[in-house]
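Working notes for the structure below.
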């Protein structure tokens, strides 16, 4: 037990010094489902908590094919060259970091991965979305303790994970392609109202006029939506990872956002609210999991459900019987 | 106890005969929070379950000012004249049935209320949305047992209640006004993907050309969305409650929907699925309520939450302590 204490303290120190292999080791501990590892992971995280929170947390989403991978590669590399330390995390197993690239994009952020200022970590492959979500949050905190200034969290804008990501980041960026109408097809409805910024990607070569038109269309739609962050008017911008254009403008937008929202003091308010909601949702997850994982309860639910579906008892009677 | 049994049986008989005062009495019983009344309500409902399910359940939503009240008045009256028995329920306290009419519309379905074939019931005013939702569901079942062919459930398309309503109806109708862009402003995002049909309302007088244009715009948007009901292509139609136009077409659309979806057998599948989800969500509500209503647990959560927000313990540690 004593020995473990020492290890955790040592590991915490190394993470704070930014030792890359130690950070990886720490994340592996966080992702482990082994009971002893879990305890160690929590001690480690408690040790590092005072050193967290000093990054800007950016969520990045888009339909498959929007070019998230190449955007993060180009955008992250630019930030690294500016001297920023950039950590890239992915929230769902299907996002490009973990190899779910659909349109044959094989880059996987090779350039960024080799950059000394960058740290690229694929998503934990196992577990429920809720579980992955929890681990990505804690991994984000580890990266902050390791001194990363910018955390990019990648997700695919088709499932439920964007809501989770919106609940853990400061700025939420949506990547789209030209042709607003077509875009809507594969995109989860309601996702635009989560976005603080929209990048019309692949705005290069012959595509530039179309991209400009699409930017205008999105600006028009944004005009009608409630702001994703109170006090911030969400913006749409064109960018190209191929021609490296619009990347600086995207970063300027994010810096402007940070300045505006910190001045309004909503920055800290939102972060505290996010932590509170994280706690609440983990309590609810625990309640639901422990109830539905109870074998007896499961059987009882099934039996009552059948009686309800046959019209023998009412739904309310079913619930009353279950908890009597 | 014996006496009560008899009363319930008598009341059930009267509800089935369509005695209006008995139906009102039965609904009041369902809405009561008195423990004894609750038990009686469930016995009554169990008694009537075999006679439920024979209506078409239609949810109607729209932004305030879309004219839901006058549409339901005109549409419901038309159905009554066709010999249908029509019940109108409201799901949220802010909807027009309960007097939440914003634009000075004072009609409150006076004509419909007086119609022998109609039954208009305002929403239960108290309780959480979840509670109201449950009561509206059970009220709907009572109305079916009383022989109503068409149940219209009104809700306001700005809050969370449309998702609840979508979960209890066969057909979901969205009322909008001309000018698709302006409409979006007050409307909950994602609501369009719930709709099986869209009525561009107040398509009368000088407004007709604009309404036709708006119909085309909505048809275009619908084209890009996933269908709200598998196997049904959602449609947009113009209508006027003032000039009584488009109402027959709206009903024809709903009948066509019923025919199509019954043929695909998804009709019954969805209803069973809705009942199953209702049961599941009531179990989850019960778990959450009984946990957070426990005074000791509440205090413990507050204490742990403060420690988490101060950065003294991790969220995971907080959850572990709470359930250890």
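Where a number appears in this text, it was derived from the coordinates with a stated rule and is not lab data. Since we're looking at a predicted model, the values are computed, not measured. Glycine gets a Cβ as well: all are built from the backbone with ideal geometry, and neighbour counts include every protein chain shown.
Remarks
- Whether segment A:1-50 is rounded, prolate or oblate, judged on the alpha carbon gyration tensor where a/c under 1.5 counts as rounded: oblate
- When each of B:51, A:218 is scored by the number of other beta-carbon atoms lying within 10 Å, the sequence from fewest to most is B:51, A:218.
- Equivalent ellipsoid semi-axes - Cα gyration tensor, segment B:276-323, angstrom: 27, 12, 7
- Rounded, prolate or oblate (a/c below 1.5 giving rounded, otherwise prolate when a/b exceeds b/c) for segment B:31-90 by Cα gyration tensor: oblate
- Spatial separation of Cα centroids for segment B:248-276 and segment A:224-287, in angstrom: 41 Å
- Residue exposure proxy: A:297, B:302, ordered by other Cβ atoms within 10 angstrom of their Cβ from fewest to most, comes out as B:302, A:297.
- Modelled this way, with points 7 Å down the Cα-to-C-beta line, the labels at residue B:286 and residue A:266 are 4.1 nm from one another.
- Per-residue mean of C-beta atoms belonging to partner chains within 10 Å, peptide A:54-62: 0
- Legend: mean number of C-beta atoms from other chains within 10 angstrom of residue C-beta atoms, peptide A:47-53, equals 2.
- Residues B:240, B:22 arranged by fewest to most Cβ contacts within 10 Å: B:22, B:240
- Residue by residue along B:282-292, Cβ atoms of other protein chains within 10 Å of the local Cβ number 5 on average.
- Average silhouette area of segment B:256-304, convex hull of alpha-carbon atoms, in square nanometres: 4.8 nm²
- Report note on the peptides B:208-215, A:265-272: ranked by the mean count of other C-beta atoms within 10 Å, highest first, their order is B:208-215, A:265-272.
- The Rg/Rh ratio for segment A:202-322 is 1.28, where Rg is the radius of gyration of the alpha carbons and Rh is the Kirkwood radius.
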